[in-house]
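> Let me begin by handing over the structure; questions about it come next.
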Amino acid sequence: MMSRFLFFLVCIPLVTLLVLAQEPSTAEIQELTTRNAEFAGQLYRAIARTTDDNVLISPFTISLGLASLMTGAKDSTYKQLLQGLNLNNLDQERIPDLFNSVRNSVTQTGFVNQGIGLFPAQQFKVDPTYRDLVQTKYGVTVQGLDFNDSKDTVNQFVSTKTGDKVTEVVSDIDSQTQMMLITAVFFQGQFALDFNASFTQEERFYVNKYNIVTVPMMFRSDKYHLAYDSSLKLGILKLPMTGGAAMLVLLPDEDVDYTSIDEEITGRRFQGWLKQLKRTKLEVQLPRFMLEKSYSLQKILPGMGFSQVFQESADLSGIGGETNLTLSEVVHKAAIAVDETSSAGNARASIVFASLPPRLTINRPYLFLVYDQVTSSLLLMGRVTDPTKQ
């Protein structure tokens, strides 16, 4: 009898582990990506309102960083981070596994050159359990730093994680900093229907009615997925990429101000555009461009509901037991190269149609969304108002 009782006690934690290790369902993944897309739209709009220049962010990378911070938060700080990330309707115990599952899918797309670092001041002791959890589930590195001499360490961390594609993230760090969250990413877009460099030629790009620049305009004739949102007067072009990612190019009609489209990007609209896409014969002209943008998000996040984590009232004691730890800085830097680069063995000729198909020329300000086609996770969001500038 006693042996049976002991066997029962031993089995309890095993059953618990099996439940916790259960693979996330498709519905759970879809719910997380929908929530992430809503956060992505909110963050993009908050940043786009501050500038008329090109915009580039990686909402997925930022979500991972903030979610890892949420894991170490408690009470009202935790609730605020949960709500700010739009995750409050999810099973909270499942969130780390859901992010890990999506992260594994995203890795298959080639979205691997990213670095996420949470850097508390050296005197704060980090709980090893917390460190291991956020590394495993969110891909976040936690490392204590002496902020009197840490700039090179942070920049080297990002450079290593992005394959030397993103280098200087910080130029100066306040010695009074308590904790920094750094997110950085580089993405080389390799199109499944690649653009042949021999067809690229200089063309005009209309930045606005007073400013016209000349850009290398790539060309391809093929069968593409296309949609049109009549309520926004917006064309949507899908450009599939190798590895399972895809880019949606959002081109407003000539009489539409691109800033009006900025305000309409939401997770719901994104999902709707994907459902509207129809395959058609098309000639596509797209500017070759490279963007690199950096943002201090501690100036933007409080306006999105993330305020307490920056205040003395923050409770981040789950990181290491300290009750007086606050977040001082959040720096995000993203870079993308969109050109004729193709993966080995992927190059294929454009299709020559019996009759010329319509031509879509991206020769005025446009927006783009890069996403994982398996999970619909938004990896990058951007706006190109002038392709000649980074």
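> Determine whether Thr153 is in the same structural domain as Ile319 (by TED's automatic domain parsing), closer than 23 Å to Asn100 by Cα and polar (S, T, N, Q). Break it down into steps so the answer makes sense when it comes.
Values: in the same structural domain as Ile319 (by TED's automatic domain parsing): yes; closer than 23 Å to Asn100 by Cα: no; polar (S, T, N, Q): yes.
Criteria not met by Thr153.
> Let me ask something else about it. Can you tell me which residues in the range 181-201 are part of a strand (DSSP E or B) and within 25 Å of Gly163 (Cα to Cα)?
Leu181, Ile182, Thr183, Ala184, Val185, Phe186, Phe187, Gln188, Gly189, Phe191
> From the residues in the range 112-147 that are within 20 Å of Asp172 (Cα to Cα) and within 16 Å of the chain's Cα centre (by Cα), which one is surrounded by the fewest Cβ atoms within 10 Å (Cβ to Cβ)?
Gly117
> Look through the range 253-279, keep the residues that are in a loop (DSSP other than H, G, I, E, B) and of a type in the set (A, V, I, L, M), and return whichever of them is farthest from Tyr206 (Cα to Cα).
By that ranking, first place goes to Leu277.
> Let me ask another. Determine the pairs where a residue that is among the acidic types (Asp, Glu), located within the range 368-390, has a partner that is assigned to a strand (DSSP E or B) with Cβ atoms under 7 Å apart, the partner being 6 or more residues away or on another chain.
Listed by first residue and then by second, the contacts come to Asp372/Ala245; Asp372/Leu379; Asp386/Val207; Asp386/Val213.
> Let me ask something else about it. Would you check which residues across the range 376-387 are crowded, with 24+ Cβ neighbours inside 10 Å, over 12 Å from the mean Cα position of the chain (by Cα) and part of a loop (DSSP other than H, G, I, E, B) and list them?
Pro387
> Taking the range 34-76 only, how many residues are farther than 21 Å from Phe186 by Cα and either outside the structural domain of Pro120 (by TED's automatic domain parsing) or of a type outside the set (Lys, Arg) (or both)? Reasoning before the result, please.
Going through the range 34-76, the residues farther than 21 Å from Phe186 by Cα turn out to be 34-35, 38, 42, 45-46, 49-52, 69-76.
Pick out the ones that are also either outside the structural domain of Pro120 (by TED's automatic domain parsing) or of a type outside the set (Lys, Arg) (or both) and you get 34, 38, 42, 46, 50-52, 69-73, 75-76.
Count: 14.
> Among all residue pairs at least 6 apart or on different chains, which show Cβ distances below 6 Å where the first residue, located in the range 309-330, is free of Cβ contacts under 8 Å to residues at least 24 places away in the same chain and in the same structural domain as Ile116 (by TED's automatic domain parsing) and the second is surrounded by fewer than 19 Cβ atoms within 10 Å (Cβ to Cβ) and in a helix (DSSP H, G or I)?
Thr323/Ser317
> Among the residues of the range 49-63, write down those that are assigned to a helix (DSSP H, G or I) and closer than 15 Å to Leu301 by Cβ. I'd like the intermediate steps shown before the answer.
Initial filter on the range 49-63 (assigned to a helix (DSSP H, G or I)): 59-63.
Result: Pro59, Thr61, Ile62, Ser63.
> Do we find that Leu66 is under 15 Å from the mean Cα position of the chain (by Cα), crowded, with 21+ Cβ neighbours inside 10 Å, part of a helix (DSSP H, G or I) and not polar (S, T, N, Q) in this structure?
Values: under 15 Å from the mean Cα position of the chain (by Cα): yes; crowded, with 21+ Cβ neighbours inside 10 Å: yes; part of a helix (DSSP H, G or I): yes; not polar (S, T, N, Q): yes.
Spelling it out, Leu66 is indeed under 15 Å from the mean Cα position of the chain (by Cα), crowded, with 21+ Cβ neighbours inside 10 Å, part of a helix (DSSP H, G or I) and not polar (S, T, N, Q).
> Looking only at the range 235-245, count how many residues are modelled with pLDDT of 95 or more and either touching a helix residue (DSSP H, G or I) at 6+ places or on another chain (Cβ under 6 Å) or hydroxyl-bearing (Ser, Thr, Tyr) (or both).
The qualifying residues number 1.
> Being at pLDDT below 90 and within 20 Å of Thr136 (Cα to Cα) is the requirement here; does Thr33 meet it?
Criteria not met by Thr33.
> Quickly run through the range 119-177 and pick out the residues that are part of a loop (DSSP other than H, G, I, E, B), closer than 26 Å to Val106 by Cα and of a type outside the set (A, V, I, L, M, F, W, C).
Gly139, Gln143, Thr162, Gly163, Asp164, Lys165, Thr167, Glu168
> For Arg279, indicate whether it is of a type in the set (D, E, K, R), modelled with pLDDT of 95 or more and farther than 30 Å from Asp132 by Cα.
Answer is yes for this residue.
The values are calculated or read from the model by the stated rules, or taken from the named source; none is laboratory data. For clarity, every value in this text was computed on a predicted model and none was experimentally measured. Don't worry about glycine lacking a Cβ; one is built from the backbone with ideal geometry, like all the others, and counts go over all protein chains shown.
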